[in-house]
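Below is one structure, written out as structure tokens; the observations come after it.
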Amino acid sequence: MSLEAIYDAILNGNAPAAKAETQAELDAGTPAETILNQACIPAMTEVGRLFEIGEKFVPEMLIAARAMNAAMELLKPLLVEAGVEQIGTVVIGTVAGDLHDIGKNLVAMMMEGAGFRIIDLGTDVAPSRFVDTVKAEKPDIVAMSALLTTTTKSIISTIEALEEAGVRDQVKVMVGGAPVTQDFADKVGADGFAPDAGSAARKAKALLGLAA
Amino acid sequence: MNSRERVQTALNHKEPDRVPFDLGGTPMSGMHKIAYKNLRAYLGLPEVEIRVVDSIQQLAAIDEDVAEILKIDIHNVAPRSSAKYNLEYRDEGDYTAYTDEWGIGWRSPKKGGLYYDMYYWPLAQYDSPEEIEANYTWPDAGDPARFQGLRQKALKTIEEGKAVVVGSLCAGVSEMHAWTRGFEKYFTDFYLHPDVAEYIMDKVVELKMIYWENVLREVGDLADVVIEADDLAGQKNLFFSKEMYRKYIKPRHTKLFAFIKARTNAKLFYHCDGALVPILWDLIESGIDILNPLQKSAAGIDYAAIKKEYGDYITFWGAGIDTQRIFDQGTPEEVREDTRRNIEIMAPGGGFVCTTIHNTQATVPPENYMAFWETLQEYGVY
């Protein structure tokens, strides 16, 4: 039993071990916040780093996120009870006309693993839904994904809708997906782009001025 | 030299009179029905009822007038569907949907939808081979209705002087695992339920073998190219590690490809997008002869380096124009520039069939398509 054992269990995607070790650590009196900040988040950050450099792949990322969730099931109620705030809120979705979700889900998992609250709007999200959610939830970041060359146009119309609604300046806009590049992100006036799920979480923190 | 001889020469790594050209010869080198309608109008051709030959990607059948004008060298003699399956579109609120013969649900947004994407995976709920066995019926790969008229179609294609391409039963061995389980289960099965992954992939190999046995009994002596596919890579890297590919996928590919090649002298066409360089030698070892489409915008895809290292061993079928970055958004001049450079690298020594890097999307202007095609006419001459 140790924070290191939780870290290892998440890094290796062992959900039963992550859960058991977390329970043991809690039983020993370690605060949930300490477990989150010193074991869970660092483990997911490392998963993201290894993914970025091509040493871990999608299966390993998914089972790591699954192990993190197993630990979080125990930690979440305690974190809420203790009034621990998340580092920020991200509204995420795949843009209108596009039904692909695996890339968007990976980004959401990695951002959650970095300590963000995630509001996942799913796929084929109309610009107006992004706008309504920004108004209602006051997120720090709006993250949009497009897998199709043809649906990158919906990124543009969503940014326009945020501008028209007068909420564009209240959020940082992040864009990603296979056909999306830094060039495209600059052209459409997004605040951030990331080429993969590991760097997306890092980018999100950087956009909010948080340490990586 | 007719089209078929041109293609055969290129596939044997020799230089024909000009680079062979494909449009609509495979489900990865076709044209979306909207782009096709626009192209026909641009060419001043009469309006026709556009037939969709690929329901997922909404690809148009290429009519004979277009095939003639564009001097297409390839014809796909796609086998028919099983008589036990009937494609029916249905209305589902904001979506139009259908279920395919595997029980996979597909839908497209009514507003702005250009393609169909999966939303129901028939094996997602079963986490053991026994449960699948007890609850799921696999399609009938050997249904004689699929193969009716196939030989006549191939003979007619040869009579017209074109190369004969034969399509596959379904997507690739590991893709069908993804498409029946859903992507998250597909990826995590390798750790959590490897028995399910292996069971599904073995079953798909078995069905594909039944299918190819029948197809090649009909046209094994006539086919120039047989199509298989398996997408294993994304924009930046492989979907899973090279070790995992070698353990689970490669042995099954090797078995299937050997089975096919024992029944025909046709070249084995293999489609995989993305950053696949780390496993390119493995794919060649597994038996592929042709690689499609060589996605230029993916990580590690350096045409000159790849042509030099692998060009003696495989034919590149694609590599004509970057559809992800240039084809729909670039100017005709940018299209010409990209196409010219690609041809200059890929054409020498043969081993190149030129087509767009994956299908021509709905938003590609006809001016850009013709800029691509004209550049091929100009520079694709040996």
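The values are calculated or read from the model by the stated rules, or taken from the named source; none is laboratory data. Computed from a predicted structure; not experimentally measured. Virtual Cβ from ideal backbone geometry, glycine too; neighbours counted across all protein chains shown.
Name the residues in region A:155-165 that are within 14 Å of chain B (Cβ to nearest Cβ) and of a type in the set (Val, Ile, Thr), would you?
Listed by number, the residues that qualify are A:Ile155, A:Ile156, A:Thr158.
Looking only at region A:117-154, how many residues end up being within 14 Å of chain B (Cβ to nearest Cβ) and either assigned to a helix (DSSP H, G or I) or at negative phi (or both)?
So in region A:117-154, the residues within 14 Å of chain B (Cβ to nearest Cβ) come out as A:120, A:122-129, A:145-154.
Within this subset, residues satisfying the condition of being either assigned to a helix (DSSP H, G or I) or at negative phi (or both) are A:120, A:123, A:125-129, A:145-154.
Total satisfying the criteria: 17.
Just need a number here: residues in region B:146-181 that are within 14 Å of chain A (Cβ to nearest Cβ), under 21 Å from the mean Cα position of the chain (by Cα) and touching a residue at least 24 places away in the same chain (Cβ under 8 Å).
To start, the set of residues in region B:146-181 that are within 14 Å of chain A (Cβ to nearest Cβ) comprises B:174-175, B:177-179, B:181.
If we keep only those that are under 21 Å from the mean Cα position of the chain (by Cα) too, we end up with B:174-175, B:177-179.
Keeping just the survivors that are touching a residue at least 24 places away in the same chain (Cβ under 8 Å) gives B:174-175, B:177, B:179.
Going through region B:146-181 one residue at a time, the tally reaches 4.
Any residue at all in region A:116-129 that's closer than 27 Å to B:Ser108 by Cβ, out of contact with any Asp or Glu (no Cβ under 6 Å at 6 or more places or on another chain) and of a type in the set (Asp, Glu)?
yes
In the list A:Ala185, A:Ala211, A:Ala200, A:Ala178, which residue meets the criterion of being outside any helix (DSSP H, G or I), crowded, with 19+ Cβ neighbours inside 10 Å and among the aliphatic types (A, V, I, L, M)?
On the way: A:Ala185 fails: outside any helix (DSSP H, G or I); A:Ala211 fails: crowded, with 19+ Cβ neighbours inside 10 Å; A:Ala200 fails: outside any helix (DSSP H, G or I).
Selected residue: A:Ala178, the only one of A:Ala185, A:Ala211, A:Ala200, A:Ala178 that is outside any helix (DSSP H, G or I), crowded, with 19+ Cβ neighbours inside 10 Å and among the aliphatic types (A, V, I, L, M).
Quick one: in region B:233-274, of everything that is of a type in the set (D, E, K, R) and either within 24 Å of A:Gly177 (Cα to Cα) or in contact with a strand residue (DSSP E or B) (Cβ under 7 Å, 6 or more places away or on another chain) (or both), which residue is nearest to the other protein chains (Cβ to nearest Cβ)? Steps first, answer last, please.
If we filter region B:233-274 for residues that are of a type in the set (D, E, K, R), which is where we start, we get B:236, B:242-243, B:246-247, B:250, B:252, B:255, B:261, B:263, B:267, B:273.
In the following step, the residues that additionally are either within 24 Å of A:Gly177 (Cα to Cα) or in contact with a strand residue (DSSP E or B) (Cβ under 7 Å, 6 or more places away or on another chain) (or both) were identified as B:236, B:242, B:261, B:267, B:273.
Working: B:Lys236: 6, B:Lys242: 9, B:Lys261: 30, B:Lys267: 29, B:Asp273: 9 Å.
Here the residue is B:Lys236.
Within 19 Å of B:Ala35 (Cα to Cα), surrounded by fewer than 23 Cβ atoms within 10 Å (Cβ to Cβ) and within 14 Å of another protein chain (Cβ to nearest Cβ): is that true of B:Thr363 in this structure?
Yes, satisfied.
Among the listed residues A:Gly113, A:Gly83, A:Gly122, A:Gly103, which satisfies the condition of being under 19 Å from A:Phe193 (Cβ atoms) and not basic (Lys, Arg)? Before the answer, list the steps.
Numbers: A:Gly113 fails: under 19 Å from A:Phe193 (Cβ atoms); A:Gly83 fails: under 19 Å from A:Phe193 (Cβ atoms); A:Gly122 fails: under 19 Å from A:Phe193 (Cβ atoms).
It is A:Gly103.
Taking region B:98-126 as the search range and keeping residues that are under 20 Å from B:Asp195 (Cα atoms) and within 14 Å of chain A (Cβ to nearest Cβ), which one is surrounded by the fewest Cβ atoms within 10 Å (Cβ to Cβ)?
B:Ala124
Just a yes or no: is a residue in region B:311-323 touching a residue at least 40 places away in the same chain (Cβ under 8 Å), in a loop (DSSP other than H, G, I, E, B) and within 14 Å of chain A (Cβ to nearest Cβ)?
Taking every residue of region B:311-323 in turn, at least one turns out to be touching a residue at least 40 places away in the same chain (Cβ under 8 Å), in a loop (DSSP other than H, G, I, E, B) and within 14 Å of chain A (Cβ to nearest Cβ).
Just checking, which of B:Val196, B:Val219, B:Val215, B:Val204 is within 14 Å of another protein chain (Cβ to nearest Cβ) and either hydrophobic (A, V, I, L, M, F, W, C) or within 14 Å of B:Lys255 (Cβ to Cβ) (or both)? Let's see the steps before the verdict.
Working: B:Val219 fails: within 14 Å of another protein chain (Cβ to nearest Cβ); B:Val215 fails: within 14 Å of another protein chain (Cβ to nearest Cβ); B:Val204 fails: within 14 Å of another protein chain (Cβ to nearest Cβ).
Criteria check complete, one pass: B:Val196.
Looking only at region A:160-173, filter to residues that are outside any loop (DSSP other than H, G, I, E, B) and touching a Ser or Thr at 6+ places or on another chain (Cβ under 9 Å); which one of those is surrounded by the fewest Cβ atoms within 10 Å (Cβ to Cβ)? So that I can check it myself, show each step before the final result.
In the first step, residues of region A:160-173 are kept if they are outside any loop (DSSP other than H, G, I, E, B); the result is A:160-164, A:168-170, A:172-173.
Pick out the ones that are also touching a Ser or Thr at 6+ places or on another chain (Cβ under 9 Å) and you get A:161, A:173.
Values: A:Ala161: 20, A:Val173: 22.
Across region A:160-173, the extreme among qualifying residues is A:Ala161.
All but one of (1) assigned to a helix (DSSP H, G or I); (2) among the hydrophobic types (A, V, I, L, M, F, W, C); (3) touching a residue at least 40 places away in the same chain (Cβ under 8 Å) hold for B:Val353; state the number of the condition that does not hold.
Result: B:Val353 passes all but (1).
Restricting the search to region A:186-198, which residues are within 14 Å of chain B (Cβ to nearest Cβ) and either free of Cβ contacts under 8 Å to residues at least 12 places away in the same chain or under 24 Å from B:Gln329 (Cβ atoms) (or both)?
Of all residues in region A:186-198, those within 14 Å of chain B (Cβ to nearest Cβ) come to A:187-188, A:193-198.
Hits for region A:186-198 are A:Lys187, A:Val188, A:Phe193, A:Ala194, A:Pro195, A:Asp196.
Output the residues belonging to region B:116-169 that are touching a His at 6+ places or on another chain (Cβ under 6 Å) and among the hydroxyl-bearing types (Ser, Thr, Tyr). So that I can check it myself, show each step before the final result.
From region B:116-169, those touching a His at 6+ places or on another chain (Cβ under 6 Å) are B:127, B:157, B:162; that's our starting set.
Matches in region B:116-169: B:Thr157 only.
Which one is surrounded by the most Cβ atoms within 10 Å (Cβ to Cβ) among residues in region B:338-352 that are in contact with a Ser or Thr (Cβ under 8 Å, 6 or more places away or on another chain) and farther than 10 Å from B:Thr375 by Cα?
As a first pass, look at region B:338-352 and keep what is in contact with a Ser or Thr (Cβ under 8 Å, 6 or more places away or on another chain): B:339-340, B:343, B:350-352.
With farther than 10 Å from B:Thr375 by Cα added as a condition, the list becomes B:350-352.
On the way: B:Gly350: 21, B:Gly351: 24, B:Phe352: 27.
Among residues in region B:338-352 that are in contact with a Ser or Thr (Cβ under 8 Å, 6 or more places away or on another chain) and farther than 10 Å from B:Thr375 by Cα, the one surrounded by the most Cβ atoms within 10 Å (Cβ to Cβ) is B:Phe352.
Is there a residue in region B:252-267 that is part of a loop (DSSP other than H, G, I, E, B), within 24 Å of A:Phe184 (Cα to Cα), out of contact with any Ser or Thr (no Cβ under 6 Å at 6 or more places or on another chain) and modelled with pLDDT of 95 or more?
The initial filter retains those residues of region B:252-267 that are part of a loop (DSSP other than H, G, I, E, B), namely B:262-266.
If we keep only those that are within 24 Å of A:Phe184 (Cα to Cα) too, we end up with none.
The answer is no, given that none of the residues of region B:252-267 is part of a loop (DSSP other than H, G, I, E, B), within 24 Å of A:Phe184 (Cα to Cα), out of contact with any Ser or Thr (no Cβ under 6 Å at 6 or more places or on another chain) and modelled with pLDDT of 95 or more.
Got a sec? Which of A:Ala108, A:Ala18, A:Ala32 is surrounded by 21 or more Cβ atoms within 10 Å (Cβ to Cβ), closer than 25 Å to B:Phe187 by Cβ and not assigned by TED's automatic domain parsing to the domain that holds A:Thr133? Talk me through it step by step, then tell me what you get.
On the way: A:Ala108 fails: not assigned by TED's automatic domain parsing to the domain that holds A:Thr133; A:Ala32 fails: closer than 25 Å to B:Phe187 by Cβ.
Checking each option against the conditions leaves just A:Ala18.
For region A:59-95, how many residues are touching a residue at least 12 places away in the same chain (Cβ under 8 Å) and either more than 14 Å from chain B (Cβ to nearest Cβ) or not in a helix (DSSP H, G or I) (or both)?
As a first pass, look at region A:59-95 and keep what is touching a residue at least 12 places away in the same chain (Cβ under 8 Å): A:60-75, A:78-79, A:82, A:84, A:86-95.
Remaining after also requiring either more than 14 Å from chain B (Cβ to nearest Cβ) or not in a helix (DSSP H, G or I) (or both): A:71-75, A:78-79, A:82, A:84, A:86-95.
Of the residues in region A:59-95, 19 are touching a residue at least 12 places away in the same chain (Cβ under 8 Å) and either more than 14 Å from chain B (Cβ to nearest Cβ) or not in a helix (DSSP H, G or I) (or both).
Within region B:2-48, track down each residue that is at negative phi, assigned to a loop (DSSP other than H, G, I, E, B) and under 21 Å from the mean Cα position of the chain (by Cα). Give the derivation first.
Taking region B:2-48 first, the residues at negative phi are B:2-12, B:14-23, B:25-43, B:45-48.
From what's left, assigned to a loop (DSSP other than H, G, I, E, B): B:2, B:12, B:14-17, B:19-20, B:22-23, B:25-30, B:43, B:45-48.
Answer for region B:2-48, where residues must be at negative phi, assigned to a loop (DSSP other than H, G, I, E, B) and under 21 Å from the mean Cα position of the chain (by Cα): B:Asn12, B:Val19, B:Pro20, B:Asp22, B:Leu23, B:Gly25, B:Thr26, B:Pro27, B:Met28, B:Ser29, B:Gly30.
What's the total number of residues in region B:59-97 that are surrounded by fewer than 19 Cβ atoms within 10 Å (Cβ to Cβ) and within 14 Å of chain A (Cβ to nearest Cβ)?
Qualifying residue count for the region: 5.
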